[in-house]
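What follows is a short report on a single structure.
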């Protein structure tokens, strides 16, 4: 039996180029979708140590307050407040290191996926080159009035907008309450003036938010597979719980 002429069944160069362009476009879309959040991690890794140092700088002047007791008791009080102000730098370094490690990890995974998608595109071109004669054009598909690929229905968009607004309201309320708890803690526990307590509460809330983002993201997105809209609400709830625990926990002052 004579073999068929394979030269007439091979796809043309234009067809292969079109397939290659479509593969590159799909890979670029997936790349942009997967690298969301990497810039935020890089920003957190760069700014968290500096914000921590700024919190320590603002906390050091508030540590030197007037004391009318014995010298040893005054020194102990000053050292206690200095140790509290140093926690800002420690938390800033912790958040920065965690963000840097996460950025390096996800960047490496993204590069691995890019290489896999490029290898898959080349494999597709090779398969089309070898078995192009066996392919047949698909029959005409009916046109649907629904949303196209990658689009969402208007009802789904409205639901997402309502969920986003509700999450932002809950997150804002949680942050305000957590900030008020920190102001009360610094004012009542450490006897700081209101302006110093306000600054320290803002810095402490920023670090608490940075630390709480990691477990909240792991639980909300990775474990529960929910949309990122409620991530801010869950993070604010963790910050609020952290503030309540710190407020009710006993503290020993000289």
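Descriptive notes on the structure:
- Neighbour counts of other Cβ atoms within 10 Å put 234, 240 in the fewest-to-most order 240, 234.
- More than 19 angstrom apart: percent of Cα pairs within the stretch 158-254: 47
- Per-residue Cβ neighbour rank within 10 angstrom, fewest leading, 35, 71: 71, 35
- Distance in nm between pseudo-label sites at residue 90 and residue 74 (7 Å out along the Cβ direction from Cα): 2.7
- Alpha-carbon gyration tensor eigenvalues x 5, square-rooted, for the stretch 15-113, Å: 53, 10, 6
- Cβ-to-Cβ counts within 10 Å put 180, 74 in ascending order as 180, 74, the fewest first.
Where a number appears in this text, it was derived from the coordinates with a stated rule and is not lab data. Since we're looking at a predicted model, the values are computed, not measured. Please note: Cβ atoms are built from the backbone with ideal geometry, for glycine as well, and neighbour counts cover all protein chains shown.
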